[in-house]
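**Q** Submitted below is the structure of interest, expressed as structure tokens.
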Amino acid sequence: MNAIVRLLSGDHGLPPETAALVSASQAQLRLILAHFGLETGKVWVAESGSGAPEAAAVWIPPGVSIDEEEHRALLRLHGLRPTLMPARDHDGRIPGEEDHWLLAAVGISPTAHPAALEAVLDPVLRIVDDASLPAYATAPASFQAELLAPFGFEPCASGAARPEPRLRRPPKGAYGG
């Protein structure tokens, strides 16, 4: 599990300013991913022939919520100050926001096989498409916009209620996929 969390919280392949933020937030990212993402989300992992993780994704299904107070208490317990907030608020949606799956974290090894990313995204994207739901990606997954673009993710407005970077992928058919 530690190797998966390291892969998901990695900063390789990111623009320098984003890599600096991710690097400075490593302890918090790993704690959030280990405690919330792996506990409440659906985790997909692609491994090499030798069993080493090549890619991983944490998906949060509709209706799951991460308690922000619990998140802050966990950080305080470990002596950390919040720099990034976890992907959350599946229950407390912005008015007009539809049900959706949330890609909370995604990571890929620099030496990964080209199909590794597809292996961790496609199973849930098929579920999303079958249910005619969109998928969103928020920090830290949204930092991987270039990797997610071929899967139909595009930048979307975050607004004051959600200041973090967001990507949205419409249901299949809405973008010709």
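The values are calculated or read from the model by the stated rules, or taken from the named source; none is laboratory data. Not measured: the values here are computed from a predicted model. Positions of Cβ are backbone-derived with ideal geometry, glycine not excepted, and every protein chain shown enters the neighbour counts. All accessible areas refer to the heavy atoms of the entire protein, side chains included, with ligands and DNA or RNA removed. Shrake-Rupley method; radii C 1.70, N 1.55, O 1.52, S 1.80 Å.
**Q** Being hydroxyl-bearing (S, T, Y) and touching a Lys or Arg at 6+ places or on another chain (Cβ under 9 Å) is the filter; apply it to region 104-146 and report the residue that is farthest from I60 (Cα to Cα).
**A** S132
**Q** Being modelled with pLDDT of 75 or more, open to solvent by less than 30 Å² (accessible area, probe 1.4 Å) and within 24 Å of P53 (Cα to Cα) narrows it down to one residue among A119, A112; which is it?
**A** A112
So that you can scan it fast, the table gives a plain yes or no per residue for (1) within 14 Å of A104 (Cβ to Cβ); (2) modelled with pLDDT under 70; (3) open to solvent by 40 Å² or more (accessible area, probe 1.4 Å):
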site	(1), (2), (3)
V5	yes, yes, no
H12	no, yes, yes
P16	no, no, yes
T40	yes, no, yes
W44	yes, no, yes
E54	no, no, no
V58	yes, no, no
H71	yes, yes, no
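**Q** Only one of these conditions is not met by I127: (1) within 19 Å of R169 (Cα to Cα); (2) open to solvent by 50 Å² or more (accessible area, probe 1.4 Å); (3) in contact with a Phe, Trp or Tyr (Cβ under 9 Å, 6 or more places away or on another chain); (4) modelled with pLDDT under 85. Which number is it?
**A** If we test I127 against (1) within 19 Å of R169 (Cα to Cα); (2) open to solvent by 50 Å² or more (accessible area, probe 1.4 Å); (3) in contact with a Phe, Trp or Tyr (Cβ under 9 Å, 6 or more places away or on another chain); (4) modelled with pLDDT under 85, just (4) comes out false.
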